[in-house]
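The values are calculated or read from the model by the stated rules, or taken from the named source; none is laboratory data. What you see is a predicted model; the values in this text were computed from it and never measured. We place every Cβ from the backbone using ideal geometry, glycine too, and count neighbours over all the protein chains shown. Remember, those area values only see protein heavy atoms, side chains included, never the ligands or the DNA or RNA. Shrake-Rupley method; radii C 1.70, N 1.55, O 1.52, S 1.80 Å.
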Amino acid sequence: MNNIDSHSHVRGESVYLDDIPVVRGTLYACVFDSPVAHGKLMSVDTSDAEKCEGVFKVITAKDLIGENQIGGIVPDEPLLAEGEVHFHGMPIAVVLADSEELARKAAKKITVEIDELEPVTDPRVAAANGDLIVPPKKFVLGDTANAFSNCAHVFEGRTEQNGQEHLYIETQGAYAVPTENGGLKIYSSTQGPTAVQRAVCRVTGLAMHEVEVDVQRLGGGFGGKEDQANAWAGVVAVATQLTKRPVKYALHRMEDMRMTGKRHPYSSDYKIGLDENLKVIAYEASFYQNAGASCDLSPPVLERTLFHCTNSYYIPNVTATAYCCRTNLPPNTAFRGFGGPQGMFVIESAIAHAAEKLGVPAAEIQRRNLIETGDAFPYGQIAESEAITSWTQAEGKFDFAVLQKEADDFNANSKYFRKGVATMPVCFGISFTKTPMNQARSLVHVYTDGSVAVSTGAVEMGQGVNTKMAQVAAKMFGLEIGDVKVHTTNTLRIANTSPTAASAAADLNGKATQIACETIRERLFEVAKEFVEAARIEDLSLENGLVHHNGEKTSLSWQSLVMEAHLQRVNLSEHSHYATPGIGFDWSTAKGHPFAYHVYGTAIVGVTVDCLRGRYEIDYVKCCHDFGTSMNTAVDLGQIEGGIVQGLGWVTMEEVVYDEKGKLRSNALSTYKVPDIYSVPKEISVSPLETEKNNLAIFNSKAVGEPPLMYGIGAYFAIRNAVRAFTDCSPEFDLPFTPEKVLMNLYADNS
Ligand code: MTE
Ligand code: LUZ
Ligand code: MOS
């Protein structure tokens, strides 16, 4: 079963925001953004821009009819700057013109007077200044203070992690079309149609039922469009409201890179305590999150850092504290893993540190501390663990000892190359940690020709969720995948959606679709029962387009059944709702059962470092991954491969650079490097951990969108091991480990 979009993708026929035919009279927007990171905005002069050819209007904050505010969690994010600018790239004015080119040309004519203030770019400086966006958050299990005094070994250190540009192939954008009586229809490249609808309503003053948001698909989101599509939709909505003309804005790559936030950089401290048997007895961590200039999704990202701060391990005494630090960078935001990778890197660094000091392999400490079923996570949820099974299966399948020996033998015989190997277990919780977000709706229509249409709140962004939705309906009705069409994600058909995020879209929307199909199927079986003279509807099933009775074919086809039901005036449509049962979290105690389940896995990563040049290649990533029971192995394998490559890009070559003035230097594809075909692992092997256990995943097929990204973290530790095999050094735990940094460490003076 392939992705249903693959055919139109390879033919270039899939429709993205910029492919939607524009309506006559459409104006094109271009945002003028702040040239400095921090300052008092004294004046904005748009007069020269307004005189430019083709310019219809220039909008600034004072023109807004609604509220100048798009901050969803904390109201600290104006749509257009007013009084002060908080980051380089902050939108200040919007030029509307007859073409994109004319709008961009005119935007260059805008001038501003700004009294510059000192920008803060370091989260520790912000924390020292008391500039936290929300109060610190803390998880406590056991008693670390006491436990450390009983540890045989205690190690302390610090880690630095940089951000990551989403680099979705399709940049951000939105298109607003006026509808009757002042309403708006918004096409948006967003993971959160409802988030866009809310933001648009806030800045225009319209009610939610006056604004329709429609999403066909995204050319990638990766978290970058969970919240940060809102601004561009807000811009075109305000422009349409003020001009009564359709308005479109599709950002150019450099505008997108400069104006949008990225994965959060973190600076962290750790302290780890072990006993004689390498059991981790106590762990303390402090996380300083670089949130950027406004709140955005930083608090829930920070919370997920805490949720995953012990990764796959059981540690009886944990104190983890997290600080949401306001700086003068673009607001950082959701990015695949959502703070989880940042939490996991710190514990893995602490383990690597301990291993180096104790002269044991890190894998030995990892393996001895894997969480078991019945153990509690620091937030109180009791594990149903596959940590040991995935480790054991990976070790059996890929023979860690042989891989390590291969590397050792190679190293003994090579003058300038070194191989390194590292293991990376992963445990990732599935559900939005904010419990109310774990709900979804689906609308299923069966038409009288037997074809089926499904609409859900899920947004297709390349991850294959539409394919999975079609599979659910096809399976429930005993049809072919081609008999089902998944339609755009639209707020008129599906209201109050959670964003497509947290890897939970297939589960939530799939379960809702399953419920809708079940309801329709029961109605149809009542009709079929008479025709095939069945005693009970439980004896009926739908397979290969035919009604089956006690497992035997009947002559009643799906199409005849549907038509007959319609003639009998039976409802062939259903709008259903699903909410994950049994989950909840109480922040007053910082305990609860936030996740429907966890996804586990263990990876082993091998690299070769060129010790003359500092360059490296990833030889392999081999993992045993917990799929539950995959409903689509092609799609899931694609997610694993993409996730791994994105994860190792973050820890190796992707380097977001802001200068001391808070200006983005890595602001184009020429200065920001993501993994390409030459830098992906030469081999990615996936061994499925198949379990029969029931879980809350759709058809027991566990969520796969984010967890594999964290296998990529193993690349950092593998490179580190290779470097240490060449020279006696102890590189700082500092991401990304670019070839430059590797080279510096290879020839650092450690004396
Ligand atoms: N895969 C592709 N191709 N494109 C994307 O934008 N986003 C990732 C992941 N995989 C993404 C992707 C992120 S951040 C999430 S949360 C999940 O997909 C969301 O989709 P799901 O809930 O259907 O797994
Ligand atoms: N988004 C969100 C997420 O709002 N809450 C989450 O818990 C989450 N987790 C992962 C990715 N996005
Ligand atoms: Mo993904 S970071 O939950 O959009």
Just to verify a result, which residue in the stretch 308-347, among those that are within 16 Å of ligand 2 (Cβ to nearest atom) and out of contact with any helix residue (DSSP H, G or I) (no Cβ under 7 Å at 6 or more places or on another chain), is nearest to residue 667 (Cα to Cα)? 331
Residues that are assigned to a strand (DSSP E or B) and either closer than 26 Å to residue 349 by Cβ or at pLDDT below 95 (or both), drawn from the stretch 629-666: 658
Counting only residues in the stretch 348-366 that are touching a helix residue (DSSP H, G or I) at 6+ places or on another chain (Cβ under 9 Å) and either without any contact (Cβ under 8 Å) to a residue 40 or more places away in the chain or outside any helix (DSSP H, G or I) (or both), the one nearest to ligand 2 (Cβ to nearest atom) is identified as 355
Qualifying residue in the stretch 200-216 (condition: under 28 Å from the mean Cα position of the chain (by Cα), open to solvent by 20 Å² or more (accessible area, probe 1.4 Å) and within 16 Å of ligand 3 (Cβ to nearest atom)): no
When (1) within 16 Å of ligand 3 (Cβ to nearest atom); (2) surrounded by fewer than 24 Cβ atoms within 10 Å (Cβ to Cβ); (3) of a type in the set (Ser, Thr, Tyr) are applied to residue 190, the one that fails is (2)
Restrict the check to the stretch 694-712 and report whether at least one residue is more than 16 Å from ligand 2 (Cβ to nearest atom) and at pLDDT below 95. yes
Is it true that residue 582 is closer than 27 Å to residue 456 by Cα and not in a strand (DSSP E or B)? yes
Could you tell me how many of the residues in the stretch 507-545 are open to solvent by 20 Å² or more (accessible area, probe 1.4 Å), touching a residue at least 24 places away in the same chain (Cβ under 8 Å) and assigned to a helix (DSSP H, G or I)? 10
Return yes when residue 640 is touching a Pro at 6+ places or on another chain (Cβ under 8 Å) and among the β-branched types (Val, Ile, Thr) and no when it is not. yes
Quick check on residue 482: is it outside the structural domain of residue 14 (by TED's automatic domain parsing), away from ligand 3 (no atom under 16 Å from the Cβ), without any contact (Cβ under 8 Å) to a residue 24 or more places away in the chain and outside any strand (DSSP E or B)? yes
Tell me whether the stretch 296-316 contains one or more residues that are in a strand (DSSP E or B) and either more than 16 Å from ligand 3 (Cβ to nearest atom) or of a type in the set (S, T, N, Q) (or both). yes
Scan of the stretch 688-739 for residues that are of a type in the set (Gly, Ala, Ser), in a helix (DSSP H, G or I) and either at positive phi or open to solvent by less than 20 Å² (accessible area, probe 1.4 Å) (or both), ordered by number: 712, 714, 715, 718, 722
Quick one: what pairs do we get from the stretch 37-49, first residue in a strand (DSSP E or B), second among the polar types (S, T, N, Q) and surrounded by fewer than 23 Cβ atoms within 10 Å (Cβ to Cβ), C-beta under 7 Å, 6+ apart or different chains? 44/60; 45/111
Pick out, from the stretch 158-261, the helices (runs of 4 or more DSSP H) lying fully within it that include 2 or more residues that are among the β-branched types (Val, Ile, Thr). 193-204, 230-243
I'd like to check something: does the stretch 500-512 contain any residue that is over 29 Å from residue 621 (Cα atoms) and within 16 Å of ligand 2 (Cβ to nearest atom)? yes
Filter result (among the polar types (S, T, N, Q) and open to solvent by less than 20 Å² (accessible area, probe 1.4 Å)) within the stretch 24-45: 26, 34
Which residues, counting only those in the stretch 79-98, are open to solvent by 30 Å² or more (accessible area, probe 1.4 Å) and either in a loop (DSSP other than H, G, I, E, B) or not assigned by TED's automatic domain parsing to the domain that holds residue 198 (or both)? 83, 86, 98
Among the residues in the stretch 664-675, are any open to solvent by 10 Å² or more (accessible area, probe 1.4 Å) and within 16 Å of ligand 2 (Cβ to nearest atom)? no
For the stretch 285-297, does any single residue satisfy the condition of being in the same structural domain as residue 657 (by TED's automatic domain parsing) and under 15 Å from the mean Cα position of the chain (by Cα)? yes
